[in-house]
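Rule-based calculations on the coordinates, nothing more; no lab input. Everything numeric in this text was worked out from a predicted model, so none of it was measured. Glycine gets a Cβ as well: all are built from the backbone with ideal geometry, and neighbour counts include every protein chain shown.
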Amino acid sequence: MKLIAGLGNPGPKYAGTRHNIGFHVIDILADRWNVDMSREKFQAWYGEVRIGDEKIVLLKPTTFMNRSGASIAAAGKFYQIELQDLLVVVDDLALPLGRIRLRPNGSPGGHNGLADIVQKTGTNEFPRLRIGIGQPLGNQVSFVLSRFHPDEQPMVNQIADESADAVEFWIKNGSSVTMTRYNAKSQDTPDRGDKRQSS
């Protein structure tokens, strides 16, 4: 069994914002797999599907970004998910738009959504798929809560689809092989670590 959690903020006000790209990837997967995401539990929208012999749970916490951990911890406990079988899909300011990085663990690095998951689960030993959203020229909070510019949208669509592909690959192959396949596409861009947003 695998739990795939995309981070974001609920409600029309935040739909399509940079901070909600994790939600967007979950929506793509739900569409591909014909998963009903209208059910509510664990302070989240969620759905279940079986891919081959593997049961998959898709999760979109409705707690708002900074309190995502309560939802993910509750779902993980209910489904008895092992840490290596939890994948968190999250936006990342440290990566340029169009780049993704899968990591098997790591510090929150200033991302309050990840920080809350670490706090609520008591560990940072869970995989996360980081999706680059670009870097702000001004205020970080305003930037991550803004929508992508029209000229960025083709790249956003491409990287969201590629992120969904990476999730599907991870389900079948695990973190190590997925990192080799998908992180290699971004090796021409320096990885500046975990210097991310604080919103």
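Listed values, structure above:
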quantity	calculated
Single residue of the stretch 56-70 satisfying the filter (small (G, A, S) and free of Cβ contacts under 8 Å to residues at least 60 places away in the same chain) that is surrounded by the fewest Cβ atoms within 10 Å (Cβ to Cβ)	A70
Tally, over the stretch 118-176, of residues that are of a type in the set (S, T, N, Q), exposed (fewer than 14 other Cβ atoms within 10 Å of the Cβ) and under 26 Å from E54 (Cβ atoms)	3
When residues of the stretch 74-111 are limited to those that are more than 13 Å from the chain's Cα centre (by Cα) and closer than 16 Å to T62 by Cα, the one surrounded by the fewest Cβ atoms within 10 Å (Cβ to Cβ)	A74
Within the stretch 21-36, tally of residues that are under 16 Å from the mean Cα position of the chain (by Cα) and not aromatic (F, W, Y)	9
